[in-house]
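The values are calculated or read from the model by the stated rules, or taken from the named source; none is laboratory data. Because the structure is predicted, anything quoted here is derived from the model rather than measured. Positions of Cβ are backbone-derived with ideal geometry, glycine not excepted, and every protein chain shown enters the neighbour counts.
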Amino acid sequence: MKLDSSISAVVTGGASGLGQASAEALAAAGVKVAIFDINEAKGTEVAKAIGGLFCKVDINNEQSVIDGFAKARAAHGQERVLVHCAMTSRRGKTLAWDKEAGKLKRLSTEDYIAGVQGVLVASYRLASLSAEGMATLPELEDGERGCITLTASVAAQDGQIGQVIYASAKAGVNGLVLPMARDLSDLGIRVNSIMPGIFATPLMLGATPKVLESLSASVPFPKRLGKPEEFGSLALELARNTYFNGQCIRLDGAIRMAPR
């Protein structure tokens, strides 16, 4: 796909971290970018900086997402690119020792459902609603109409202790990719996912210097945390390169996560 001002994109979680980097990369290529996020102040700031549009969207609320797409499409036209980075989740071990009760406590089904809703269900929601709009677009070269990039995680393959919700939900995101790419192939809509390793996002940078140093040392090469702009660069290439389809790609400096 040739990226220029004739192309519109939606980036979820675009107010910070991997989403912000993706929005910045697409905007730098000339694409009209709409940011979906719940952080109105930061999202508006980032959108203004890149000449884009901010839409306050709760990815766990279907009507909020539908309204966000309507606002973005009214301003920029139907998006051909979706980069979905936003998520909500919970953590905890399947069984963990409860000191107060003096016994093992099971991670609740309700917690599990909430995590799956915020990661896997939200990914399907954003991807399918975006695809529904992309399907109305005229074809580009090779019959392409659009490109959807989901965000999984290396945890999808290397889930650690305490990540039973997150890891299985992110594995589910990868599980969406091939069947959805096949579902949408006749319409010229591509679907891929990126599995980032340990990245220097605002959340991660809240850790202590000692923890950050240890995490950096655990990466084979380069021995540092990933830079959000490296994620943005890959998201940009996935949109540009039409032969990327049905792929789940690790972006992790060759790290393989230990059990804890």
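Taking residues in the range 23-38 that are under 8 Å from I50 (Cβ atoms) and hydrophobic (A, V, I, L, M, F, W, C), and partners anywhere that are in a helix (DSSP H, G or I) and at pLDDT 95 or above, the pairs with Cβ atoms closer than 7 Å and at least 6 places apart or on different chains are A23/V46; A23/I50; A27/I50; V33/A23; V33/L26; V33/A27; V33/I50.
A quick yes/no check of all residues on (1) out of contact with any Leu (no Cβ under 7 Å at 6 or more places or on another chain); (2) farther than 24 Å from I194 by Cα:
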| site | (1), (2) |
| --- | --- |
| C55 | yes, no |
| Q63 | yes, yes |
| R90 | yes, no |
| D111 | yes, yes |
| V116 | yes, no |
| A122 | yes, no |
| T136 | yes, yes |
| G146 | no, no |
| T151 | no, no |
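Of the residues screened, R182 is not one that is more than 30 Å from R106 (Cβ to Cβ), among the basic types (K, R), outside any loop (DSSP other than H, G, I, E, B) and within 17 Å of the chain's Cα centre (by Cα). Contact map, the range 184-202: residues that are on the phi < 0 side of the Ramachandran plot paired with residues that are at pLDDT 95 or above and among the acidic types (D, E), Cβ distance under 6 Å, separation 6+ or inter-chain. Pairs shown: G197/D252. The set of residues from the range 211-260 being within 21 Å of L3 (Cα to Cα), in a helix (DSSP H, G or I) and of a type in the set (S, T, Y) comprises just one member, S233. In this structure, S128 qualifies as surrounded by fewer than 16 Cβ atoms within 10 Å (Cβ to Cβ) and within 19 Å of G172 (Cβ to Cβ).
Pairs are defined by a Cβ separation below 7 Å, a sequence spacing of at least 6 or placement on different chains, a first member in the range 56-75 that is crowded, with 17+ Cβ neighbours inside 10 Å, and a second member that is β-branched (V, I, T) and in a helix (DSSP H, G or I); the pairs so defined are V57/V65; I59/V65. Criterion applied to G146, G172, G102 was being buried (at least 19 other Cβ atoms within 10 Å of the Cβ) and either under 25 Å from N241 (Cα atoms) or of a type outside the set (V, I, T) (or both), and the one residue passing it is G146. Selection of first residues in the range 240-260 that are of a type in the set (G, A, S) and of second residues that are outside any loop (DSSP other than H, G, I, E, B) and surrounded by 17 or more Cβ atoms within 10 Å (Cβ to Cβ), restricted to Cβ pairs under 9 Å at least 6 apart or on distinct chains, gives the following pairs, ordered by first then second residue: G246/V177; G246/M180; G246/A181; G246/R190; G246/V191; G246/N192; G253/G226; A258/D158. Pull up the range 9-37, narrow it to residues that are farther than 19 Å from S89 by Cβ and either charged (D, E, K, R) or surrounded by fewer than 23 Cβ atoms within 10 Å (Cβ to Cβ) (or both), then point me to the one that is farthest from the chain's Cα centre (by Cα). Ranking the qualifying residues of the range 9-37, first place goes to G30. Every listed requirement among (1) hydrophobic (A, V, I, L, M, F, W, C); (2) touching a strand residue (DSSP E or B) at 6+ places or on another chain (Cβ under 6 Å); (3) modelled with pLDDT under 95 is met by A200 save one, (2). Of the residues making up the range 185-210, those that are farther than 20 Å from D252 by Cβ and in a strand (DSSP E or B) number 3.
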